[in-house]
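Engineer: Sharing a structure with you now.
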Amino acid sequence: MFLVVGVNSEIGSAAARQIRARGNKVLATTRRLVASPEQVQLDFSSPVESFRIPEGVRCACIFVAVARLAVCEVDPVGSALVNVERTIALIDLLVARGIYTLFLSTNQVFDGDKPLVPANAPVSPVSVYGRQKAETERKLRARMTSGAPIGILRLAKVVSPGMPLVTTWKRELAAGRPIRAFTDMTLAPTSVDIVATSIAHMMEDRLPIIAQLTGPRDVTYAAVGRFLAEKVSADPRLVEPVNALENGMPTGSTPRNTTLDSSYLAERYGLVVPDPFDVIGEL
């Protein structure tokens, strides 16, 4: 049985669907009221040490996190409680039962100075969120060295159909109204379906490694805006370029590069993320 910790997250729900589609049984945790026999309650706002792991669980993936850079910057103590302390506590509970556990990390553990960063490169976080994820990785790598059944998957921007930013921009541009798009913020988007497939593979194979999955190159949000303007036959001058940091975005929001070397998953499973504009176009 596969344990999905945090099924109410976008990636968690997609992973649960993919795992079930592959013929595996899924048990999901939720901090909300339990709605079905396939769910159990687990709230990271409380200590997790009392969580009773259901019988039959052989692998798990942690989707719970405080992932907004601004929230982590404003509340570093509260966000670290979730992103580091209670995540590690839960993973220790699972690993003590011999349960393979996959931890989802981020490109934010690097400073973004270089593209396609190798998985074994030294971490160099800039944001509070990145430092928290890097600290959790550090603790997990020590456990992995000792033989613990743990895997780490680093991701960058994950997108899915109905993405509010794309939907809103398309609507505004089609109506002839201007949009404001950052020229100094980049993304190398990965579809949630490819991410969910990679998670299912890693859990099935119990891979005790650090793997990475991002798009092959970065584009700016302003470039995405111009791409959408072309798609809806709008005047590209409706895309007004603005600076992210000057408009209040938190530290770490504007790395020059968000891409990570994703060759391992490409070679092992044939999972190759398309060009950013192909990914956005499919949304």
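Derivation of every value follows stated rules applied to the coordinates shown; laboratory data play no part. Keep in mind the model is a prediction, meaning the values are calculated, not measured. Here Cβ is always computed from backbone atoms with ideal geometry, including for glycine, and neighbour counts include all displayed protein chains.
Engineer: What is the ratio of the Cα radius of gyration of region 96-187 to 2.2 N^0.38 Å, where N is its residue count, to two decimals?
Structural biologist: 1.49
Engineer: Between residue 275 and residue 246, what length comes free when the chain is fully extended (0.36 nm per residue of separation minus the Cα-Cα distance, one decimal in nm)?
Structural biologist: Contour length minus the Cα-Cα distance gives 7.6 nm.
Engineer: Here is a follow-up. Sum up the lysine pairs in the chain that clear both bars: alpha-carbon distance under 26 Å and a spacing of 8 or more or different chains. Present the calculation step by step, with values, prior to reporting the outcome.
Structural biologist: Values: 114/133; 114/139; 114/157; 133/157; 139/157; 157/170; 157/231; 170/231.
For the chain, qualifying lysine pairs total 8.
Engineer: Here is a follow-up. With a Cα-only, solvent-free Debye model of the chain, what are the log10 I(q)/I(0) values at q = 0.13, 0.15 Å⁻¹?
Structural biologist: -0.90, -1.17
Engineer: Mind giving me the FRET efficiency for residue 113 and residue 89? R0 is 35 Å, r the Cβ-Cβ distance, nearest 0.05 is fine.
Structural biologist: 0.60
Engineer: Further question: Viscosity 0.890 mPa s, temperature 25 °C: give me the Stokes-Einstein translational D for region 145-231 in µm²/s, with Rh taken as the Kirkwood radius over C-alpha pairs.
Structural biologist: Answer, rounded: 162 µm²/s.
Engineer: Here is a further query. With a point put 7 Å past each Cα toward its Cβ, work out how far residue 205 is from residue 177 in nm, to one decimal.
Structural biologist: 4.7
Engineer: Run through region 51-92 and list the GluC sites (Glu not before Pro) located in a DSSP loop whose Cβ has at most 14 other Cβ atoms within 10 Å.
Structural biologist: Loop-located and lightly packed - 55.
Engineer: Counting other Cβ atoms within 10 Å, which trypsin sites (Lys or Arg not before Pro) in region 194-283 have at most 13 and lie in a DSSP loop?
Structural biologist: 256
Engineer: In a GNM of the chain with a 10 Å cut-off on Cα contacts, which of 194, 62, 53 has the highest mean-square fluctuation?
Structural biologist: Comparing 194, 62, 53 in the GNM, the peak value goes to 53.
Engineer: I want the antiparallel fraction of DSSP beta bridges within the chain, as a percent rounded to 5.
Structural biologist: 5
Engineer: In µm²/s, what is D for region 86-128 at 20 °C and 1.002 mPa s, where D = kT/(6 pi eta Rh) by Stokes-Einstein and Rh is the Kirkwood radius from Cα pairs?
Structural biologist: Calculated translational D: 172 µm²/s.
Engineer: Can you give me the distance in nm between label points at residue 231 and residue 138, each placed 7 Å from the Cα along the Cα-to-Cβ direction?
Structural biologist: The two pseudo-label positions are separated by 4.1 nm.
Engineer: Counting only other residues whose beta carbon sits under 14 Å from that of residue 173, what net charge do I get with K and R as +1, D and E as -1?
Structural biologist: +3
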